[in-house]
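Written below as C-alpha coordinates is the structure these notes are about.
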Amino acid sequence: MRKPIIAGNWKMNNNIAQTKQLIADLKPLVADAKCDVVVCAPYTSLAAAVEATKGSNIKVGAENVHWAEKGAYTGEITADMLLELGVEYVIIGHSERRQYFGETDETVNLRVKTALAKGLKVILCVGELLNEREAGITPEVVRRQTKIALTGVTHEDLDNIVIAYEPVWAIGTGKTATAQDANDTIKIIRDCLKEMYCEKCGEKVRIQYGGSMKPANAAELMAMPEIDGGLIGGASLKAEDFSKIVNY
Ligand code: PEP
(Lines give C-alpha, C1' and ligand atoms only; values in the text may rest on other atoms or scores of the structure.)
Protein backbone atom coordinates (compact mmCIF):
# COMPACT_ATOMS: atom_id res chain seq x y z
CA MET A 1 0.00 0.00 0.00
CA ARG A 2 1.30 3.45 -0.92
CA LYS A 3 0.93 6.11 1.78
CA PRO A 4 -0.68 9.22 0.28
CA ILE A 5 1.30 12.43 0.29
CA ILE A 6 -0.22 15.90 0.13
CA ALA A 7 2.21 18.72 -0.58
CA GLY A 8 1.62 22.44 -0.75
CA ASN A 9 3.49 24.47 -3.35
CA TRP A 10 3.47 28.02 -2.03
CA LYS A 11 5.23 29.35 -5.14
CA MET A 12 6.32 33.01 -4.69
CA ASN A 13 4.08 33.58 -1.66
CA ASN A 14 4.58 33.86 2.12
CA ASN A 15 7.32 35.93 3.67
CA ILE A 16 8.81 34.87 7.01
CA ALA A 17 6.02 36.27 9.17
CA GLN A 18 3.33 34.76 6.94
CA THR A 19 5.18 31.43 6.95
CA LYS A 20 5.23 31.31 10.75
CA GLN A 21 1.55 32.19 10.94
CA LEU A 22 0.42 29.71 8.29
CA ILE A 23 2.34 26.84 9.85
CA ALA A 24 1.11 27.73 13.35
CA ASP A 25 -2.46 27.63 12.01
CA LEU A 26 -1.85 24.43 10.07
CA LYS A 27 -0.19 22.33 12.76
CA PRO A 28 -3.23 21.50 14.88
CA LEU A 29 -5.43 21.08 11.82
CA VAL A 30 -3.24 18.37 10.24
CA ALA A 31 -1.86 16.74 13.39
CA ASP A 32 -3.90 13.57 12.86
CA ALA A 33 -3.30 13.29 9.13
CA LYS A 34 -3.10 9.78 7.73
CA CYS A 35 -1.01 10.97 4.81
CA ASP A 36 2.44 12.57 4.62
CA VAL A 37 2.18 16.37 4.74
CA VAL A 38 4.73 18.66 3.08
CA VAL A 39 4.90 22.42 2.57
CA CYS A 40 7.20 23.76 -0.14
CA ALA A 41 8.23 27.33 0.54
CA PRO A 42 10.27 30.04 -1.21
CA TYR A 43 13.97 29.95 -0.34
CA THR A 44 13.85 32.94 1.99
CA SER A 45 11.11 31.33 4.11
CA LEU A 46 12.64 27.85 4.35
CA ALA A 47 14.55 28.37 7.61
CA ALA A 48 11.43 29.79 9.27
CA ALA A 49 9.36 26.89 7.92
CA VAL A 50 11.81 24.29 9.25
CA GLU A 51 11.84 25.99 12.66
CA ALA A 52 8.05 26.36 12.78
CA THR A 53 7.37 22.72 11.83
CA LYS A 54 9.76 21.23 14.42
CA GLY A 55 8.05 18.52 16.47
CA SER A 56 5.13 18.31 14.05
CA ASN A 57 4.21 15.93 11.23
CA ILE A 58 4.75 18.62 8.58
CA LYS A 59 7.84 18.28 6.38
CA VAL A 60 9.43 21.14 4.48
CA GLY A 61 10.38 21.28 0.83
CA ALA A 62 12.02 23.76 -1.53
CA GLU A 63 10.65 24.66 -4.95
CA ASN A 64 13.82 24.03 -6.96
CA VAL A 65 17.49 23.11 -6.61
CA HIS A 66 20.54 23.39 -8.85
CA TRP A 67 22.57 20.39 -9.98
CA ALA A 68 26.07 21.75 -9.42
CA GLU A 69 28.06 21.58 -6.17
CA LYS A 70 28.86 25.28 -6.37
CA GLY A 71 29.90 27.85 -8.92
CA ALA A 72 28.90 30.63 -11.24
CA TYR A 73 25.11 30.12 -11.29
CA THR A 74 23.76 33.47 -10.17
CA GLY A 75 20.48 33.16 -8.34
CA GLU A 76 20.63 29.40 -7.87
CA ILE A 77 20.81 27.27 -4.70
CA THR A 78 22.64 23.97 -4.09
CA ALA A 79 21.28 20.81 -2.51
CA ASP A 80 23.76 21.20 0.36
CA MET A 81 22.40 24.67 1.08
CA LEU A 82 18.90 23.21 1.40
CA LEU A 83 20.09 20.31 3.55
CA GLU A 84 21.94 22.72 5.82
CA LEU A 85 18.58 24.36 6.57
CA GLY A 86 16.89 21.04 7.37
CA VAL A 87 14.87 20.86 4.15
CA GLU A 88 13.76 17.31 3.21
CA TYR A 89 11.90 17.63 -0.07
CA VAL A 90 12.35 19.53 -3.30
CA ILE A 91 9.99 20.13 -6.21
CA ILE A 92 11.73 19.68 -9.57
CA GLY A 93 10.41 20.39 -13.04
CA HIS A 94 7.33 22.39 -12.11
CA SER A 95 5.59 23.64 -15.24
CA GLU A 96 6.19 27.25 -14.18
CA ARG A 97 9.93 26.57 -14.17
CA ARG A 98 9.60 24.94 -17.59
CA GLN A 99 7.41 27.75 -18.94
CA TYR A 100 9.11 30.87 -17.54
CA PHE A 101 12.66 29.83 -16.71
CA GLY A 102 13.77 27.63 -19.58
CA GLU A 103 13.70 24.36 -17.66
CA THR A 104 14.02 21.38 -20.00
CA ASP A 105 13.68 17.64 -19.54
CA GLU A 106 17.48 17.49 -19.53
CA THR A 107 17.99 20.10 -16.81
CA VAL A 108 15.21 18.45 -14.81
CA ASN A 109 17.18 15.21 -15.04
CA LEU A 110 20.38 16.91 -13.82
CA ARG A 111 18.55 18.43 -10.86
CA VAL A 112 16.82 15.14 -9.99
CA LYS A 113 20.08 13.18 -10.01
CA THR A 114 21.90 15.67 -7.80
CA ALA A 115 19.00 16.05 -5.37
CA LEU A 116 18.76 12.27 -4.92
CA ALA A 117 22.51 11.80 -4.62
CA LYS A 118 22.54 14.40 -1.85
CA GLY A 119 19.66 12.76 0.03
CA LEU A 120 16.77 15.09 -0.76
CA LYS A 121 13.35 13.61 -1.55
CA VAL A 122 12.17 14.73 -4.96
CA ILE A 123 8.70 15.73 -6.11
CA LEU A 124 9.10 15.46 -9.88
CA CYS A 125 6.47 17.32 -11.91
CA VAL A 126 5.28 16.15 -15.30
CA GLY A 127 2.25 17.13 -17.34
CA GLU A 128 0.99 18.10 -20.75
CA LEU A 129 0.10 21.53 -22.16
CA LEU A 130 -3.42 22.22 -23.38
CA ASN A 131 -2.45 21.96 -27.07
CA GLU A 132 -0.72 18.65 -26.38
CA ARG A 133 -3.85 17.31 -24.70
CA GLU A 134 -5.97 18.53 -27.61
CA ALA A 135 -3.60 16.87 -30.07
CA GLY A 136 -4.07 13.60 -28.21
CA ILE A 137 -0.39 13.25 -27.27
CA THR A 138 -0.67 13.36 -23.47
CA PRO A 139 0.66 9.78 -23.12
CA GLU A 140 3.75 10.54 -25.24
CA VAL A 141 4.42 13.78 -23.38
CA VAL A 142 4.24 12.35 -19.86
CA ARG A 143 6.21 9.26 -20.88
CA ARG A 144 8.95 11.40 -22.45
CA GLN A 145 9.15 13.70 -19.43
CA THR A 146 9.25 10.76 -17.03
CA LYS A 147 11.85 8.81 -18.98
CA ILE A 148 14.24 11.70 -19.46
CA ALA A 149 13.83 13.01 -15.89
CA LEU A 150 14.68 9.57 -14.48
CA THR A 151 17.58 8.70 -16.79
CA GLY A 152 20.38 7.43 -14.57
CA VAL A 153 18.11 7.16 -11.52
CA THR A 154 18.41 3.75 -9.82
CA HIS A 155 15.76 1.36 -8.49
CA GLU A 156 16.80 2.27 -4.94
CA ASP A 157 16.49 5.98 -5.67
CA LEU A 158 12.83 5.48 -6.53
CA ASP A 159 12.09 5.25 -2.79
CA ASN A 160 12.89 8.96 -2.61
CA ILE A 161 10.85 10.03 -5.61
CA VAL A 162 7.26 11.22 -5.73
CA ILE A 163 5.85 12.11 -9.14
CA ALA A 164 3.29 14.88 -9.47
CA TYR A 165 1.14 14.60 -12.58
CA GLU A 166 0.07 18.17 -13.28
CA PRO A 167 -1.78 18.88 -16.51
CA VAL A 168 -0.53 22.39 -17.19
CA TRP A 169 -3.95 23.64 -18.32
CA ALA A 170 -5.33 22.77 -14.87
CA ILE A 171 -2.75 24.70 -12.83
CA GLY A 172 -4.12 27.85 -11.25
CA THR A 173 -6.98 27.95 -13.74
CA GLY A 174 -9.77 26.45 -11.66
CA LYS A 175 -10.06 23.68 -14.28
CA THR A 176 -9.47 20.25 -12.80
CA ALA A 177 -8.84 17.13 -14.82
CA THR A 178 -11.69 14.71 -14.22
CA ALA A 179 -10.77 12.15 -11.60
CA GLN A 180 -10.96 9.46 -14.28
CA ASP A 181 -8.67 11.37 -16.70
CA ALA A 182 -6.15 12.05 -13.94
CA ASN A 183 -6.26 8.40 -12.90
CA ASP A 184 -5.79 7.21 -16.49
CA THR A 185 -2.76 9.43 -17.11
CA ILE A 186 -1.21 8.47 -13.78
CA LYS A 187 -1.63 4.84 -14.82
CA ILE A 188 0.31 5.64 -18.00
CA ILE A 189 3.12 7.13 -15.90
CA ARG A 190 3.09 4.11 -13.59
CA ASP A 191 3.22 1.72 -16.53
CA CYS A 192 6.18 3.71 -17.87
CA LEU A 193 7.97 3.22 -14.52
CA LYS A 194 7.22 -0.49 -14.68
CA GLU A 195 8.76 -0.67 -18.16
CA MET A 196 11.81 1.33 -17.07
CA TYR A 197 12.38 -0.50 -13.78
CA CYS A 198 10.17 -3.41 -12.70
CA GLU A 199 6.56 -4.20 -11.84
CA LYS A 200 7.11 -3.73 -8.10
CA CYS A 201 9.10 -0.52 -8.67
CA GLY A 202 6.21 1.02 -10.58
CA GLU A 203 3.77 -0.06 -7.89
CA LYS A 204 5.73 1.51 -5.04
CA VAL A 205 6.19 5.04 -6.43
CA ARG A 206 3.65 7.54 -5.19
CA ILE A 207 2.08 9.62 -7.95
CA GLN A 208 0.16 12.74 -7.01
CA TYR A 209 -2.34 14.74 -8.99
CA GLY A 210 -1.93 18.52 -9.15
CA GLY A 211 -4.05 21.18 -10.81
CA SER A 212 -6.75 23.20 -9.04
CA MET A 213 -7.16 20.57 -6.34
CA LYS A 214 -9.28 21.97 -3.52
CA PRO A 215 -11.44 20.82 -0.60
CA ALA A 216 -14.44 20.33 -2.90
CA ASN A 217 -12.73 17.88 -5.28
CA ALA A 218 -10.06 16.28 -3.08
CA ALA A 219 -12.09 13.32 -1.89
CA GLU A 220 -13.16 12.33 -5.41
CA LEU A 221 -9.59 12.57 -6.73
CA MET A 222 -8.13 10.75 -3.74
CA ALA A 223 -10.65 7.92 -4.12
CA MET A 224 -9.09 6.93 -7.46
CA PRO A 225 -6.84 3.88 -7.19
CA GLU A 226 -3.83 5.38 -8.98
CA ILE A 227 -3.87 8.80 -7.28
CA ASP A 228 -1.62 8.83 -4.21
CA GLY A 229 -1.94 12.43 -3.15
CA GLY A 230 -1.90 15.97 -4.39
CA LEU A 231 0.42 18.85 -5.15
CA ILE A 232 -1.59 21.89 -4.16
CA GLY A 233 -0.90 25.46 -5.26
CA GLY A 234 -3.53 28.08 -4.52
CA ALA A 235 -5.41 26.09 -1.89
CA SER A 236 -2.22 25.48 0.12
CA LEU A 237 -2.02 29.15 1.05
CA LYS A 238 -4.98 28.92 3.44
CA ALA A 239 -4.60 26.66 6.46
CA GLU A 240 -8.25 25.72 6.47
CA ASP A 241 -8.39 24.74 2.80
CA PHE A 242 -5.09 22.90 2.84
CA SER A 243 -6.01 20.99 5.98
CA LYS A 244 -9.34 19.96 4.47
CA ILE A 245 -7.45 18.47 1.53
CA VAL A 246 -4.98 16.75 3.87
CA ASN A 247 -7.90 15.30 5.86
CA TYR A 248 -9.88 14.54 2.66
C1 PEP B 1 0.79 23.80 -8.66
O2 PEP B 1 1.29 24.89 -8.83
O3 PEP B 1 1.52 22.82 -8.51
C4 PEP B 1 -0.68 23.70 -8.63
C5 PEP B 1 -1.22 22.52 -8.71
O6 PEP B 1 -1.37 24.89 -8.52
P7 PEP B 1 -2.95 25.05 -8.29
O8 PEP B 1 -3.35 24.07 -7.20
O9 PEP B 1 -3.13 26.45 -7.88
O10 PEP B 1 -3.62 24.71 -9.59
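Using a cut-off of 20 Å between Cα atoms, the listed pairs Lys54/Lys113; Lys194/Lys214; Lys70/Lys113; Lys34/Lys113 include Lys54/Lys113; Lys194/Lys214; Lys34/Lys113 as exceeding that distance.
With a Förster radius of 35 Å applied to the beta-carbon distance between Lys147 and Thr44, the computed FRET efficiency rounds to 0.55. Under 1.5 on a/c is rounded, so check that first for the range 79-160, then, if it is not, pick prolate when a/b is larger than b/c and oblate when it is not; a ≥ b ≥ c are the square roots of the alpha carbon gyration tensor eigenvalues. Prolate, because a/c is 1.5 or more and a/b exceeds b/c.
Starting from the Cα gyration tensor of the range 1-71, take the square roots of the eigenvalues, sort them a ≥ b ≥ c, and report rounded, prolate or oblate (rounded when a/c is under 1.5, otherwise prolate if a/b is larger than b/c, else oblate). Judged from the Cα gyration tensor, the range 1-71 comes out oblate (a/c at least 1.5, b/c at or above a/b).
Once the C-beta distance of Glu240 and Glu51 is scaled by a Förster radius of 25 Å, the resulting FRET efficiency is 0.65 to the nearest 0.05.
Only the Cβ atoms of Lys and Arg (+1) and of Asp and Glu (-1) were treated as charged; on that basis the dipole of the range 5-246 about its Cα centre amounts to roughly 340 debye. Extension gain, His155 to Met12, is 48.2 nm, computed as 0.36 nm per intervening residue step minus the present C-alpha separation.
Cross-link partners for Lys187 among the lysines, with Cα-Cα distance under 20 Å and sequence neighbours closer than 8 places in the same chain left out: Lys3, Lys147, Lys200, Lys204. Applying the criteria of a DSSP loop state and at most 13 other Cβ atoms within 10 Å to the trypsin sites (Lys or Arg not before Pro) of the range 156-240 yields Lys175. Is the shape of the range 143-248 rounded, prolate or oblate, going by the alpha carbon gyration tensor and its root eigenvalues a ≥ b ≥ c, with a/c under 1.5 for rounded and a/b larger than b/c for prolate? The shape class here is prolate. Quick one: Debye curve from the C-alpha atoms of the range 5-246, no solvent, what's log10 I(q)/I(0) at q = 0.13 Å⁻¹? Scattering profile of the range 5-246, log10 relative to I(0): -0.74. Remark: the range 159-175, residue by residue, has Karplus-estimated 3J(HN,Hα) of 4, 10, 10, 10, 9, 10, 7, 10, x, 4, 5, 9, 8, x, 9, x, 8 Hz, where x stands for each Gly or Pro and the curve is 6.51 cos²θ - 1.76 cosθ + 1.60 at θ = phi - 60°. Distance between the C-alpha centres of the range 89-155 and the range 7-56: 24 Å, rounded to the whole angstrom.
Placing dummy labels 7 Å off each Cα toward the beta-carbon, the span from Ala219 to Asp105 is 3.9 nm. Ellipticity at 222 nm from helices only: DSSP H runs of n ≥ 4 in the chain, each -39500 (n - 2.57), divided by the residue count, give -13000 deg cm²/dmol. Taken per residue, the accessible surface of the range 148-248 reaches 40 Å², heavy atoms only and a 1.4 Å probe. Across the range 221-236, coupling constants 3J(HN,Hα) worked out from phi with the 6.51/-1.76/1.60 Karplus curve, θ = phi - 60°, read 5, 5, 6, 6, x, 8, 8, 10, x, x, 10, 10, x, x, 6, 8 Hz, and Gly and Pro carry x. Within the accessible area of the range 111-184, the carbon and sulfur atoms contribute 51%, probe 1.4 Å, all protein chains present. Rolling a 1.4 Å probe over the protein heavy atoms gives the range 1-52 an accessible area of 49 Å² per residue.
The values are calculated or read from the model by the stated rules, or taken from the named source; none is laboratory data. This one's a predicted model, so the numbers in the text were calculated from it and none came from an experiment. Glycine also receives a Cβ, built like all others from the backbone with ideal geometry; neighbour counts cover every protein chain displayed. Remember, those area values only see protein heavy atoms, side chains included, never the ligands or the DNA or RNA. Shrake-Rupley method; radii C 1.70, N 1.55, O 1.52, S 1.80 Å.
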